[in-house]
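So the structure is just underneath, and the comments pick up after that.
A short reminder: the numbers here are calculations on the coordinates, not readings from a lab. Just so we're clear, the structure is a prediction, and the values are computed from it rather than from any experiment. Every residue, glycine as well, gets a Cβ built from its backbone with ideal geometry; the counts of neighbours run over all protein chains shown.
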Amino acid sequence: MIKYTVGIDLGGTFIKIGLIQSGQVLNFIILPAYSEKGLRSNLPKIKEAVNALLHDSKIRTSDLVGISLAFPGIVDVKHCQVLATNEKYNDACELNLRLWCELNWGVPFYMDNDTRMATVGEWVCGAARGLDNVVMMTIGTGIGTGVVLDGRVLYGEHYQAGSLGGHFVIDYKGRKCSCGNVGCVEALSSSFFLSSIIKENPKLSAAFREKADSYDFEEIFNLASCGDIDALIVRNECMDVWSAAIVTYIHAYDPQVIVLGGGVMKSKDVILPYICERVGRLAWCPTENVKIVASELGDNAAVLAAEYSFTNQRRKNEILSA
């Protein structure tokens, strides 16, 4: 009997909801997130989108294996409870999402950190398939990471192991991060902080700094490709931060591959050569350099992990033993 899974990926800007079967996204709906307004206000439209996917594909809830949700924060995987957020969906800790799923569809529910789920997606279906030691780094509104170590997804005592790579400190005198720490990778190189990164950089022209609020990474990379000196400085300094983070991930986790994802990877033809060269010089890899590759699944990575969350016995054992 053919069974289906629904995967929900809560992004800071968009929510992606996909219908999954046999490792393929059959259909999907993308919604604006308005994450600053919280998760509760988003639940009705998420419910409507899930029902629309099922209706359009003529799928009954009895044909569903389950519904998974990738959340941008720290998640108690065993109890499907959000433990901590960081400027996105800040009311989520108050919500019983497992009950929400049960009341609406009567199927199993699974929830995990969004980048951890994206890592699982790349590990099972994408750029890291067949490997046992994997780190994924997503670069966008924030900086997220996920880790597979010796063939097992990394969780730790409080479900945060491997997922806080955006909050590794690379400059203890640096900018204060939204998490409360100082000098985090995210505070120095994410799109959330891009305006501050530009305004506070004395190397940049006054005219460029005055327009700081109007730039995003896409425009920065486009301007840099045209030779704009200010954009080149911002672009390269951010890539230096990403490289420093990757060196730390390599030293911490000893992976076979680093997978890079997120919207900024539209510029992978610039990012990958730059980072590979810099990390190749700086990382301590006495045996061989770690491969650094772009995500193969893109925005589908966390959604595709939904199927694995319910059907893989190893995953179930990890959840039960957590």
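Label point 7 Å out from Asn181 along Cα-to-Cβ: which residues of segment 235-257 have amide N under 13 Å?
Counting backbone N atoms under 13 Å from the label point, the list is 245-246, 248-249.
For each pair in Lys37/Lys173; Lys176/Lys211; Lys47/Lys78; Lys58/Lys266; Lys88/Lys176, compute the distance between the two Cα atoms and list the pairs where it is over 27 Å.
On the way: Lys37/Lys173 32 Å; Lys176/Lys211 22 Å; Lys47/Lys78 23 Å; Lys58/Lys266 35 Å; Lys88/Lys176 17 Å.
Listed pairs above 27 Å: Lys37/Lys173; Lys58/Lys266.
List every residue whose amide H lies under 5 Å from the amide H of Arg175, counting only residues 5 or more places away in sequence or on a different chain, with H placed 1.01 Å from N in the peptide plane.
Answer set, sorted by chain and number: Gly183.
Just the projected area, averaged over all directions, of the convex hull on the alpha carbon atoms of the chain: how many nm²?
Working: hull surface 66.6 nm².
Computing the convex hull of the Cα atoms and averaging its projections yields 16.6 nm².
If one takes the longest principal axis of the Cα atoms in the chain, at what angle in degrees, from 0 to 90 and to the nearest 10, does the Cα axis of helix 301-311 lie?
40 degrees
Can you give the angle from 0 to 90° between the axis of helix 43-56 and the longest principal axis of the chain, with both taken from C-alpha atoms, to the nearest 10?
60 degrees
May I ask you to order 167-175, 247-255 by the average number of other C-beta atoms within 10 Å around their residues, highest value first? If you can, show how the numbers build up before the last one.
Details: 167-175: 14.9, 247-255: 18.1.
Most protected by this proxy first, the peptides run 247-255, 167-175.
Compute the helix-to-body angle for 268-282: its Cα long axis versus the longest principal axis of the chain, expressed 0 to 90° and rounded to tens.
It is inclined by approximately 70 degrees.
Using packing as a proxy for protection, rank 280-290, 61-71, 82-92, 25-35 so that the peptide with the highest average count of other Cβ atoms within 10 Å comes first. Walk me through the numbers on the way to the answer.
Numbers: 280-290: 11.5, 61-71: 21.6, 82-92: 18.9, 25-35: 16.4.
Those peptides, ordered most packed to least, come out 61-71, 82-92, 25-35, 280-290.
If you place +1 on the Cβ of every Lys and Arg and -1 on the Cβ of every Asp and Glu, how big does the dipole about the Cα centre of the chain come out, in debye to the nearest 20?
Numbers: 30 positive and 36 negative charges, 92 e Å.
For the chain, the charge dipole is close to 440 debye.
Once you place label points 7 Å from the Cα toward the Cβ at Asn222 and Glu157, how far apart are they in nm?
4.9 nm
Taking θ as phi - 60°, what are the ³J(HN,Hα) couplings along segment 137-149 by the Karplus curve (6.51, -1.76, 1.60), each to the nearest whole Hz, with x for Gly and Pro?
Coupling constants for segment 137-149: 10, 9, 10, x, 3, x, 10, x, 9, x, 9, 10, 10 Hz.
Arrange the peptides 113-119, 156-162 so that the one whose residues have, on average, the most other Cβ atoms within 10 Å appears first. Intermediate results must be reported in sequence, preceding the final value.
On the way: 113-119: 29.7, 156-162: 15.6.
Descending packing order for the listed peptides: 113-119, 156-162.
May I ask you to derive the FRET efficiency for Glu296 and Leu99 from their Cβ-Cβ distance with R0 = 45 Å, giving the value to the nearest 0.05? Write out the running numbers ahead of the final one.
Numbers: r = 35 Å, r/R0 = 0.78.
Taking R0 as 45 Å, the efficiency between Glu296 and Leu99 is 0.80.
Return the equivalent ellipsoid semi-axes of segment 46-152 as a descending list in whole Å, where each equals the square root of 5 times an eigenvalue of the C-alpha gyration tensor. Show your work: numbers first, answer last.
Numbers: eigenvalues 130, 73, 34 Å².
So the three semi-axes of segment 46-152 are 26, 19, 13 Å.
Could you pull out every residue, at least 5 positions away or on a different chain, whose amide H is within less than 5 Å of the one on Asn90? Hs are placed 1.01 Å off N in the peptide plane, and Pro or chain starts have none.
Gly38, Leu39
Can you tell me how much longer the chain between Ile229 and Leu282 gets when fully stretched, taken as 0.36 nm per residue apart minus their C-alpha distance, in nm with one decimal? Kindly include the intermediate steps, with their values, before the conclusion.
Numbers: separation 53, 0.36 × 53 = 19.08 nm, distance 2.55 nm.
16.5 nm is the gain from fully extending Ile229 to Leu282.
Under 8 Å for C-alpha pairs, at least 6 residues apart: give me the relative contact order for segment 106-242, rounded to a whole percent.
On the way: 196 pairs, mean separation 20.2, N = 137.
Across segment 106-242, relative contact order equals 15 percent.
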